[in-house]
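The values are calculated or read from the model by the stated rules, or taken from the named source; none is laboratory data. The model shown is predicted, which means the values in this text are computed figures rather than measured ones. Here Cβ is always computed from backbone atoms with ideal geometry, including for glycine, and neighbour counts include all displayed protein chains. Protein only, heavy atoms only, side chains kept; ligands, DNA and RNA dropped before computing areas. Shrake-Rupley method; radii C 1.70, N 1.55, O 1.52, S 1.80 Å.
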Amino acid sequence: MDHENICTLKLLEEIEKGHVPSQRELAKKLNISLGLVNSFIKRLAAKGYLKLRTVPKNRIKYILTPAGAAEKTRLFCKYIQYSFRFYKNARKIFKKIFSGFEAEGNRRVIFYGASDFAEIAYLSLKESGIHLVTVADELKAGENFFDIKIVDPVNIDSFVFDKILITAIESRDTALEKILISGISNSKVTMPDYR
């Protein structure tokens, strides 16, 4: 499922809630530009998925049409299918990675990134003989990842580990760069290719 379909789905879901969000509020919620929200709304209205009504104070109310509700349902089903394929693919990838770690004698791993991807990795890890030492994530340090306290990545070198598995999704290259700058060998780092 491409980014455009995901944004369309999120936009239709927000509009279906019934309150009158401004385009600026929608842009902030969806983490896209104001111009892109405006473009999406115009496109959705042109396709008949939305009706636009002017309300007091120079605001516009967006009304989801029956065609818009059907499109939201179609996109939601497509998203569920995409998510399920992503999950199954990620489980296969992690099973292979953890089997490789075990074959090499690696038993202690650190996850770098407390993401949904890390949660899938954790489920796969539980089926192996690998021990999760800690999870490092700069933005979530101090929070919990299941029963493990998330640490700031600057503290990674205080742990005993065999491998670091990059489980960040959005900032994978930045994570790798930070790890290598800290002096940890590239041979100790695994970055799964899940795309």
Would you give the gap between the C-alpha center of the stretch 104-175 and the C-alpha center of the stretch 30-74, rounded to a whole Å? 40 Å
I'm spelling it out carefully: the read-out is mean projected area of the Cα convex hull in nm², the candidates are (1) 17.2; (2) 10.6; (3) 13.3, and one was derived from this structure. Which label? (3)
Report, in degrees rounded to the nearest 10, the 0 to 90 angle that the Cα long axis of helix 172-181 makes with the longest principal axis of the chain. 30 degrees
Given 17/57; 28/140; 10/149; 10/47; 10/51; 17/42, which pairs have Cα atoms separated by over 23 Å? 10/149
When a/c is below 1.5 the answer is rounded, else prolate if a/b is larger than b/c, else oblate, so apply that to the stretch 121-195 with a ≥ b ≥ c taken from the square roots of the Cα gyration tensor eigenvalues. rounded
Work out the charge dipole of the stretch 1-156 with +1 on the Cβ of Lys and Arg and -1 on the Cβ of Asp and Glu about the Cα centre, then indicate which of 101, 115, 21 is farthest towards its positive end. 21
Taking the Cα centre of the stretch 9-53 as origin and charging only Cβ (+1 Lys, Arg; -1 Asp, Glu), how large is the dipole, in debye to the nearest 20? 140 debye
In nm, to one decimal, how far is the modelled label at residue 181 from the one at residue 123, with both set 7 Å along Cα→Cβ? 3.4 nm
About its Cα centre, the stretch 62-165 carries a charge dipole, from +1 on Lys and Arg Cβ atoms and -1 on Asp and Glu Cβ atoms, whose size in debye to the nearest 20 is 660 debye
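Per 0.36 nm of contour for each residue apart, how much would the distance between residue 169 and residue 86 grow if the chain were fully extended, relative to their Cα-Cα spacing?
28.6 nm
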Summing -39500 (n - 2.57) over the DSSP H runs of n ≥ 4 in the chain and dividing by its residue number, what mean residue ellipticity at 222 nm do you reach, to the nearest 500 deg cm²/dmol? -16000 deg cm²/dmol
Dipole magnitude of the chain about its Cα centre (Cβ charges: Lys, Arg +1; Asp, Glu -1), debye to nearest 20: 1200 debye
Using a 10 angstrom cutoff on alpha carbons, build the Gaussian network for the chain and name the most mobile of 165, 75, 36. 36
Rounding to the nearest 10 and keeping the result within 0 to 90°, find how far the Cα-based axis of helix 3-16 lies from the longest principal axis of the chain. 50 degrees
Got a sec? What order do 172, 59, 85 fall in by accessible area at 1.4 Å, biggest, i.e. largest, first? 85, 59, 172
Round to a whole number: what % of the accessible area of the chain belongs to carbon and sulfur, probe 1.4 Å? 52 percent
Got a sec? Charge dipole of the chain, +1 on Cβ for Lys and Arg, -1 for Asp and Glu; which of 63, 1, 182 is way out at the positive end? 63
For the chain, with the dipole built from +1 on Lys and Arg beta-carbon atoms and -1 on Asp and Glu ones, taken about the Cα centre, which of 76, 153, 39 lies farthest toward the positive end? 39
